[in-house]
Each structure stands twice: as structure tokens, then as C-alpha cells.
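Chemist: Encoded as C-alpha cells, here's the structure I'll be asking about.
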Amino acid sequence: MKKWVILFITLSLLIGIYFSIQRDQNIQKNVETLIIHDKNMVIGINYPKTGISPLDTKIKNQVDQIYQDFIKEYGITKNENESAELNIDYHYNIVSVHYINIVLEKFISSSSLAHPINEIYTYVYDSNDKRFLGLEDLITQEELEKLVPKIQKELMDQYPECFSVQQLNQKLSPIFKNFPLFTFTDEDLNLYFNPNEIANGSCGIIDTTIPLDHINLKIEDIELGTNTTKEYTVLKETSKVIDPHKKMIAITFDDGPGRYTKDILKTLTKYDANATFFVLGNKVEVYDETAREIVKQGSEIGNHSYNHKWLIKLKSDDFIDQVNQTQSIVKRITGITPKVLRPTYGSVNDTIRKNTNLDIVLWNVDTLDWKIKDPKQIANRVIGKVEDGDIVLMHDTHKRTVEALKIILPELKKEGFQFVTVSELKEAQLLRKLDE
């Protein structure tokens, strides 16, 4: 009898583990990317795709609406002096296996606006119960009444210039509808307020954090303090023998890592090719193993900003923050510190030049793979046109780019080209000068 009981318990545990694994596999961490540069209008959109249909649909609908509204309002500029930018960024966290927390951040800047527009949207989804959660699903009305004074105090301490106690008492009464924007981690409850909701617009987005251990939660299966920072082994950069007197080009990829980056790496390896990947910091953590594969394959990681803001429009401190965030993330995950920077949209100004010691890398062959749909047409912009020492621009965010690369590499290899990183190209060009 005891054997049957032990067998039953063992089977139950195995079945539980199996379904837990299956459930985890249903939650993906992919990022959809859309980058457009059209004259004086630029668009940089990154948003998460979870593999959960109701959540993905809601997020995509919101992104589509923001995009359409932006195009309608700012898509046609009257003269060359006008410019407009749309940037959508995200934060993505999974708590206790099945609570998905996502924040979308919208940023719009235009020469017709006195101040940029900032706005956020939050999504909290329970993949077990298959439903979106409101704050009322986390805490009771009684708990909210106890919590509101704490929130008010935190806000007054954080933003003393933005509002008075009287304003907060009026706008933050203990009603759940006053707190529609929130997320939580395994340690904190995060509350957000868009501009003009509880303070004037000049204060921007207001946010505050309350430790979860200060709150009695209705949801009991949130394991406090369980998420630990993932540890990574340090990778070593590899190098290959390059003949400085033989023709060479540097193929570069912007806006990744992404779902197609690994396919590109396989194709590069097949043709003994290396490339430089100019990555976005907000995607490296999602595609951490892919970032490490870039280094292992022998290719180079470069810096392409944190979230694809239009860098020439930023103040010095904001530009430095965009670069440093990405440097830090790449170093933590790969052990490698990028040496090269590609400014977003290929735009450079004095602010960028004066505030970085990274080599600024542009290009002289543009495949237009972000716009052209046919892989053969993309390849034809390189084959027969590229010359020794050229830098080619591609993007590892499109399937068609993978197919175009499969056409480009064997053809150029027949022509005697070496495929090197931009740093290797620079080194080879210096050696050539020494030989002159």
C-alpha cells in the first residue's frame, strides 16, 4: 500500500512539474521592432510579445493606435525645419511564474510642441486564470484606505515641487479607479500617474514604489524576494587571421538582438564571416543568450543606444545615459564592453561627438532592408556595388534580411571578399597605411 502511495505522490509531482514547464514555455519573451526614418520624421518602436493572445492583442492595438495617431498628427511636415519623433519603449517582468507585468512608455517630440508628450500604459495579466488584473485584485478596499496615506507621503517626499497635500487629498482618495496604472515585482508595488493626472504636466510621469511586505495582499502565491539577478560567465573575444591586403567589407546589423539574430549568426558561420551587431540595451536582457552567441561566434557587439531615441535631439546627460545603460547591460551579460557606437538614424552632432569616447560608425552601403520586402532586391543593393573597405547597413529584425544574407555572402566570397567586424576593418586599414 505504501508503495502505491509513494508512486502516486511521485507521479503527481512529475505531472505538476511538466505542466509548470509547459505553462512557462507558453510565456515567450520576444520583442517586436519598427524603425522608420522618413526625412524629418523618425519612429522607434519596441514592444514585447508574450505568446499570450489576449495580452498581445491588447498591447498591439494600443501600439497601432499610438502609431496611427502620430502619423495623422505629425506625419506630414510643412517644411524642412519641422521634425517629429515617436518612441515606444517597454519594461517586462514575470512574477511567480505566471503574473506578467508590462509597461509601455510613449514619447512624442515635435518642433510644433512646446514640450514632449510622455505617457505610459500598464498591463498586469494572470496567465493561470487568463485574466487582466486591477489593483482591486491585489488588495482589499480596507487595505487601500490604509495604503493611500503612505502613497501620499511617498509622493510628497519624491516630488515636493509638484503638488500640495491638499491636491493629493483631492485627487488620490481611496478609490480603486484613481489607481489604474500599476505593476508589481517580487518586492514592490509600482504606481504610475501620467502627466496632468495628479500634478501639472511639467512634472512628467509620476511614479512611486511601495514594498510588498508593507501590504497585505489578496493574492497569496506571490513569492516575495524570489527573483535574483541572473549570473553570467565572462566571455572572451575571439579573433581570426585577416589578410590586410585582401579585399574586405564590414557587414553591420542594427536594432537587435531579435528573433532572427541566431539565424544570421548561423549563416555568418557557414561562410566564415564575422559582422558587427549594433544592439539596443532594452533588448539585450530579453535576448541575453543571443547576445552571448554574437560574441561566441566571433562577431562584434556595438552600442546603438538604449531604446532608439533620436540621439541628436537629446541633451548631453540624456545622451550619456542612453549610451551608458547599454554599455552596462552588455558588459554584465557578455563580459564585453562595446568599443563602437552607431547613432540612431545615422545622425551625428557635436553633443554626440563631445560626449563619447566610442568610435562612431556610420555606413556607405545601405541595403534598405527595413523598407524593401524582396530578399533578392536587398541583395542586389550589395552585390556588384560594394567595394573594398565598405561598411554595409542591415537590420537583424527582419526574416528577409536572413534570406538576403544567404545570397550576398556566397557571391561576395567568390569575388574574394573577407567579411570582418568594423573594428577589424579599422585595424586592417591602419596596417595598410603602415605598409605604404
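Chemist: Each residue of segment 133-146 in turn: what ³J(HN,Hα) in whole Hz from Karplus with 6.51, -1.76, 1.60 and θ = phi - 60°, glycine and Pro shown as x?
Modeler: 10, x, 4, 5, 7, 9, 9, 7, 4, 4, 5, 4, 4, 6
Chemist: Turning to a different aspect of this structure: How many Å³ per residue does the convex hull of the Cα positions in segment 54-95 occupy? Before the final figure, lay out the partial values.
Modeler: Details: hull volume 2.6 nm³, N = 42.
Expressed per residue, the convex hull around the Cα atoms of segment 54-95 is 61 Å³.
Chemist: For segment 83-223, what does the alpha-carbon gyration tensor say about shape, rounded, prolate or oblate, given a ≥ b ≥ c as the root eigenvalues, a/c under 1.5 as rounded, and a/b over b/c as prolate?
Modeler: oblate
Chemist: Taking Rh as the Kirkwood radius computed over C-alpha pairs, what is the Stokes-Einstein D of segment 336-415 at 37 °C in a medium of viscosity 0.692 mPa s, expressed in µm² per second?
Modeler: The Stokes-Einstein estimate is 232 µm²/s.
Chemist: Once you list every other residue whose beta carbon is under 13 Å from the beta carbon of T228, what net charge do they have if Lys and Arg are +1 and Asp and Glu are -1?
Modeler: Residues close to T228 contribute a combined charge of -3.
Chemist: Give the residue list of chymotrypsin sites (Phe, Trp or Tyr not before Pro) in segment 267-303 that are DSSP loop and have at most 16 other beta-carbon atoms within 10 angstrom.
Modeler: Y271
Chemist: Given only helices, namely DSSP H runs of n ≥ 4 each adding -39500 (n - 2.57), what is the per-residue ellipticity at 222 nm of the chain, to the nearest 500 deg cm²/dmol? Don't skip to the end; give the middle numbers.
Modeler: Details: 12 runs with 156 residues, N = 436.
Rounded to the nearest 500, it is -11500 deg cm²/dmol.
Chemist: Please sort by residue number the GluC sites (Glu not before Pro) in segment 280-355 whose DSSP state is loop and whose Cβ has at most 16 other Cβ atoms within 10 Å.
Modeler: E285
Chemist: So what J values fall out for segment 199-212 if you push phi through Karplus, 6.51 cos²θ - 1.76 cosθ + 1.60 with θ = phi - 60°, rounded to Hz, Gly and Pro as x?
Modeler: 8, 5, x, 5, 7, x, 6, 9, 9, 8, 10, 10, x, 5
Chemist: Roll a 1.4 Å probe over the protein chains and send me the accessible area per residue for the chain in Å².
Modeler: Result: 51 Å² of accessible area for each residue.
Chemist: Sticking with this structure for a sec: List the residues, sorted by chain then number, that are 5 or more residues from S83 or on another chain and whose placed amide H is less than 5 Å from its amide H.
Modeler: So S83 has HN proximity to S111, S112.
Chemist: Can you give me the % of accessible surface on segment 292-436 that is carbon or sulfur? Probe 1.4 Å, all protein chains present, nothing else counted.
Modeler: Taking all protein chains in place, segment 292-436 shows 47 percent carbon and sulfur surface.
Chemist: Per the Debye formula with a single identical scatterer at each Cα and no solvent contribution, what log10 I(q)/I(0) holds for segment 338-385 at q = 0.23, 0.30 Å⁻¹?
Modeler: The Debye formula, applied to the Cα set alone, gives -0.83, -1.08.
Chemist: Tell me which residues come under 5 Å, amide H to amide H, from V279 once H is placed; ignore anything under 5 positions away on its chain.
Modeler: G302, N303, H304
Chemist: Another question, if that's okay. Can you sort D263, D38 by solvent-accessible area, 1.4 Å probe, largest first?
Modeler: Order by accessible area, largest first: D38, D263.
Chemist: On the protein heavy atoms, probe 1.4 angstrom, tell me the percent of accessible surface of segment 195-257 carried by carbon and sulfur. Provide the component values of the computation, followed by the final result.
Modeler: Values: 1760 of 3760 Å².
Roughly 47 percent of what the probe reaches on segment 195-257 is carbon or sulfur.
Chemist: If you don't mind, there's one more thing I want to ask. With just the Cα atoms defining each centre, how far is segment 66-131 from segment 383-436? Give it in Å.
Modeler: Each part reduced to its Cα centre gives a spacing of 36 Å.
Chemist: Based on the alpha-carbon set only, what is the convex hull volume of segment 82-158 divided per residue, in Å³?
Modeler: 139 Å³
Chemist: Using only alpha-carbon positions, what ratio does the radius of gyration of the chain give when scaled by 2.2 N^0.38 Å?
Modeler: 1.13
Chemist: If you don't mind, there's one more thing I want to ask. Have a look at H37, L155, F277 and report the one farthest towards the positive end of the charge dipole of the chain, computed about the Cα centre with Cβ charges (Lys/Arg +1, Asp/Glu -1).
Modeler: F277
Chemist: Tell me which residues come under 5 Å, amide H to amide H, from T185 once H is placed; ignore anything under 5 positions away on its chain.
Modeler: Residues meeting the criterion, in which the H sits 1.01 Å from N, are N190.
Chemist: I need the fraction of alpha carbon pairs in segment 277-436 separated by more than 30 Å, rounded to a whole percent.
Modeler: Across segment 277-436, Cα pairs with separations above 30 Å total 18 percent.
Chemist: Once phi is turned into θ = phi - 60°, what whole-Hz ³J(HN,Hα) does the Karplus curve with 6.51, -1.76 and 1.60 give for every residue of segment 412-424, x standing for Gly and Pro?
Modeler: Each residue's phi maps through the Karplus curve to give 6, 5, 4, 7, x, 7, 9, 10, 10, 7, 5, 5, 5 Hz.
The values are calculated or read from the model by the stated rules, or taken from the named source; none is laboratory data. If you're wondering where the values come from, they're calculated on a predicted model, not measured in any experiment. Neighbour counts run over all protein chains shown; Cβ positions are idealised from the backbone, glycine included. All accessible areas refer to the heavy atoms of the entire protein, side chains included, with ligands and DNA or RNA removed. Shrake-Rupley method; radii C 1.70, N 1.55, O 1.52, S 1.80 Å.
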